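Report on the structure given below.
The values are calculated or read from the model by the stated rules, or taken from the named source; none is laboratory data. As the structure is a computational prediction, the values presented were derived from the model and not from experiment. Reconstructed Cβ throughout: ideal geometry from the backbone, glycine too, with neighbour counts over all protein chains shown. Calculation scope for accessible area: heavy atoms of the full protein, side chains included, ligands and nucleic acids excluded. Shrake-Rupley method; radii C 1.70, N 1.55, O 1.52, S 1.80 Å.
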Amino acid sequence: MSDKVIIFDTTLRDGEQCPGASMNLREKMEVARQLARLNVDVIEAGFPCISDGDFEAVRQIATEVRGPIIAGLARCVAGDIDAAGAAVKPAGERGRIHVFLATSKIHREHKLRKAHEEIVRLAVEGVRRAKSLVRDVEFSPEDASRTEPEFLAQVVQAAIEAGATTVNIPDTVGFAVPEQFGALIRYLRDNVKNIADAIISVHCHNDLGLAVANSLAAVQAGARQVEGTINGIGERAGNAALEEVVMALKTRGDYFGGVSTGVQTREILKSSRLIARMSGLFVPRSKAIVGENAFAHSSGIHQDGMLKNRTTYEIMEPQDVGWGDTELPLTKHSGRAAMVNRLAHLGHEHLSDAEVGDIFRRFKEIGDRKKFVYDDDLAALVEDATLGGGSDTFDLDYIHVTSGTTTVPTATVRLRRRGGNASGTNGDNAEETLQDSAPGNGAVDAAMKAIDRILGYQGHLVEYHVQAVTGGKDALGEVTLKVDFGEGKLLTGKGASTDVIEASARAYLNAVGRVAQKRRQSRAGDLGEASEEPLAAQTP
Ligand code: KIV
Ligand code: ZN
């Protein structure tokens, strides 16, 4: 059996299914490029049949991202499989179709209403159809951990016979416990005649907080592919956190018998932060490997031990997962070339000249307000400048807020159409800048209302989160908010500034850019260019 454990990242598919985590195309591309730098083996880029947006994201990732295998998910339904095949086609030999079909009694009887034989037939047909489109086919019997082991073995054997090269055993509802899950993998190895013709994979959810433990037990039992997400994001309580799986295998090689992954562990922290930003799902401080406190030692005894010998209280080198990798921060004296160089080092090599210009302007503004501009500050500025929504979005040109214990908070906001020029201030070029004022229930509310008045939206703030991007009193504050624009889905907005009210206005504007983009897309859909086919209860 191979010593290599294949790392299959489903941040862009199962992770993105997490409520409030949905990313736009540009964000997905950023994440996919970073996953390639992290050197995961497989990127599950999406569920192509679910919408035109998902299809396009998978297709673009398959076209542009080099290195990992690019997988698209499909039900055992001809239309799904064909869509996945078309979406991963640009990846050539690196394209994978991942077909799934539920096999447990509960799903068979209540969801699918199909008998055993019908399930086997559909699985075989699905795998065969996928095989006619790509060489690399993965099959998942959904809810495998609650499926009768004998029937599971029968379906897995049939799927391999039909051409599946990977058979994935999902613990779809996070029901398994490690010893039992490991035993299930052993059972399949012993009872599926052709099991040697496929890689055994596992896909564990975290409902009981056991996703990583179950994945590791499966590796011990012979699984050689682990599926999961960065930061463990995903449906409900999430998926197995890949950074934990990878570091457990690396740190406890003594126990796991020398298996290894190809992951560039120094890229872990950068990946975690990028995904937290892009998904709007923050990493708890005490989260293993990537939480702020993961390598912080505060008690006197621990600090004393650490000073004497690091290994007294540290089982991994923080640098191994990317902590302490930052170089000298930039200052307001740094030039455009130095900033571009730093951006490239951070993985932002695909910016247009206009975007670089925008970021450089904000960089100078921030440099005037704070002594050092750190990598995290820069990353926040990149997002601010690039993740708006489309060419007709607006930039914040100016904001003035009066507020206090005895005044009604009032905000005056001036917006500049993206692509316009800032010198066209109010009056002398009315097409490019728009200004209005509004009172509000607090300064943030007033700023949002002023933007609503200018652009004609009516957003209702549902969640508001602010965090310091770096340490220090002059740190950039990054605001993430979720807004209800009556679209049936909350839209996330993000913005950063040394001033929290300004950051809030930027974040709201970012959310407005997204709703504008969404409405444009659905208008295009009405005209026949795009359509969304809801999968409702069928989505795994
Ligand atoms: O949780 C699950 O069962 C899935 C499958 C599609 C692999 O996400
Ligand atoms: Zn899942």
Review point. Do the sum for the chain: with -39,500 (n - 2.57) for every DSSP H run of n ≥ 4, divided by all residues, what is the mean residue ellipticity at 222 nm, to the nearest 500 deg cm²/dmol?
Key: -12000 deg cm²/dmol
Practice item. Write out the GluC sites (Glu not before Pro) in the range 263-352 meeting two conditions: DSSP loop, and at most 14 other Cβ atoms within 10 Å of their Cβ. Key: 292, 314, 327, 349
Study note, to complete from the structure: Per residue, accessible area of the chain with a 1.4 Å probe, heavy atoms of protein chains only, in Å², comes to 43 Å²
Exercise for review: Sort the following peptides by mean Cβ neighbour count (other Cβ atoms within 10 Å, averaged over residues), highest first: 451-457, 120-126.
Suggested key: 120-126, 451-457
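Going through the range 21-60, which trypsin sites (Lys or Arg not before Pro) have at most 16 other Cβ atoms within 10 Å and a DSSP loop state?
Values: sites: 26, 28, 33, 37, 59; in loops: none.
Counting only loop positions with at most 16 other Cβ atoms within 10 Å, none of the trypsin sites (Lys or Arg not before Pro) in the range 21-60 qualifies.
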Review point. Helix 500-526: angle to the longest alpha-carbon principal axis of the chain, degrees 0 to 90, nearest 10?
Key: 60 degrees
Point to revise | Angle in degrees between helix 116-131 and the longest Cα principal axis of the chain, rounded to the nearest 10 | key: 60 degrees
Check your understanding: Roughly how many Å² of residue 295 are accessible to a 1.4 Å probe, to the nearest 10?
Key -> 40 Å²
Study note, to complete from the structure: Counting only protein heavy atoms with a 1.4 Å probe and every protein chain in place, the carbon and sulfur fraction of the accessible surface of the chain in whole percent equals 51 percent
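First select every other residue whose beta carbon is under 15 angstrom from the beta carbon of residue 217; then total the charges, Lys and Arg +1, Asp and Glu -1. Could you put the intermediate results ahead of the total?
Numbers: positive: 186, 189, 224, 252; negative: 171, 179, 227, 244.
In short, 0.
Determine the order of 104, 403 by accessible area, beginning with the largest, at a probe radius of 1.4 Å.
Numbers: 104 0, 403 75 Å².
Most to least solvent-accessible, the answer reads 403, 104.
Find the percent of Cα-Cα distances in the chain that exceed 36 Å, and round it to a whole number. Walk me through the numbers before you get to the answer.
Values: 54899 of 145530 pairs.
Summing the P(r) tail past 36 Å for the chain gives 38 percent.
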**Study point:** Size of charge dipole - the chain - debye, nearest 20, with Cβ of Lys, Arg +1 and Asp, Glu -1, no other charges
**Key:** 240 debye
Review point. Once the dipole of the range 6-279 is set up with Lys and Arg at +1 and Asp and Glu at -1 on Cβ about the Cα centre, which of 57, 187, 221 lies farthest towards its positive end?
Key: 57
Revision key, fill the gap. SASA check, residue 371, accessible area w/ 1.4 Å probe, all protein chains in place, rounded to nearest 10 Å², comes out at 150 Å²
Point to revise | Heavy atoms of residue 306 accessible to a 1.4 Å probe, total area in Å² rounded to 10 | key: 40 Å²
Point to revise | Cα centroid of the range 1-73 to Cα centroid of the range 77-139, whole Å | key: 18 Å
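Can you give the local net charge around residue 287? Use residues other than it whose beta-carbon is closer than 13 angstrom to its beta-carbon, Lys and Arg +1, Asp and Glu -1. Write down the numbers at each step before the final one.
On the way: positive: 273, 285; negative: 243, 244, 292.
Its environment carries a net charge of -1.
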Exercise for review: Holding the Cα-Cα limit at 22 Å, pick out from 28/482; 449/482; 114/193; 287/371; 270/308; 89/131 the pairs that are longer than that.
Suggested key: 114/193; 287/371; 270/308
